[in-house]
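What follows is a single structure, written as C-alpha cells, with notes after it.
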Amino acid sequence: MKLTSSEKSILRELIFPEPFEHIQEETGLGFGTIRDDLIKLINHGFIEVYEKYSSSSVSPFYDSDNIDQFSFKATKRGLKNIQNHAI
C-alpha cells in the first residue's frame with residue numbers, strides 16, 4: 001500500500017498514543033483529512049485505537065463519527081512501514 005503525504009505525517013506522530021487534537025496541531029491538516037486518513041490507516045492495520053485517556057484498546061470497535069474522542073498509536077506494521085519508506 002502506498003501512503004499519501006498526509007498519511008505519512010499522521011503515522012510519524014503516532015509512535016506513542018496521541019489524541020486526535022495532537023495530530024491536528026502537529027500536522028496542520030484539516031479534520032476531514034485526518035478522519036479519512038485515520039480510518040484508512042486503521043482499516044489497513046497501521047494504527048490501533050485507544051480510549052482517549054486510557055491505555056485500553058478499543059480497536060476495532062470505535063465510533064468513526066466521533067473519531068476525535070479517541071487516541072491512536074501506530075502498530076508494529078505501521079512503524080515498519082515508516083521505517084521501510086524512510087519518512
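Provide the net charge surrounding Glu26, with neighbours chosen by a C-beta distance below 12 Å and charges set as Lys +1, Arg +1, Asp -1, Glu -1. Display every interim value, and only then the final one.
Values: positive: Arg12; negative: Glu13, Glu18, Glu21, Glu25.
Here the count lands on -3.
Could you tell me which trypsin sites (Lys or Arg not before Pro) in region 1-78 are loop residues by DSSP with no more than 10 other beta carbons within 10 angstrom of their beta carbon?
Listed in order of number, the matching sites are Lys2.
Local charge for Gln69 was computed over the other residues whose Cβ lies under 10 Å away, with Lys and Arg +1 and Asp and Glu -1, and equals -3.
Local charge for Ser57 was computed over the other residues whose Cβ lies under 14 Å away, with Lys and Arg +1 and Asp and Glu -1, and equals +1. Solvent-accessible area of region 17-87 (1.4 angstrom probe, protein heavy atoms only): carbon and sulfur portion equals 46 percent. Distance between the modelled labels on Leu79 and Asn66, one decimal in nanometres: 3.0 nm (7 Å Cα→Cβ projection).
The residues of the chain have, on average, 58 Å² of accessible surface per residue, using a 1.4 Å probe with all protein chains present. Among the lysines of the chain, pairs at least eight places apart or on separate chains and with Cα atoms under 20 Å apart come to 13. Taking each DSSP H run with n ≥ 4 as -39500 (n - 2.57) and averaging over every residue of the chain yields -13000 deg cm²/dmol at 222 nm.
In percent, rounded to a whole number, the relative contact order of the chain is 37, using alpha-carbon pairs under 8 Å and six or more apart.
The values are calculated or read from the model by the stated rules, or taken from the named source; none is laboratory data. None of these values were measured; they are calculated from a predicted model. Glycine also receives a Cβ, built like all others from the backbone with ideal geometry; neighbour counts cover every protein chain displayed. Calculation scope for accessible area: heavy atoms of the full protein, side chains included, ligands and nucleic acids excluded. Shrake-Rupley method; radii C 1.70, N 1.55, O 1.52, S 1.80 Å.
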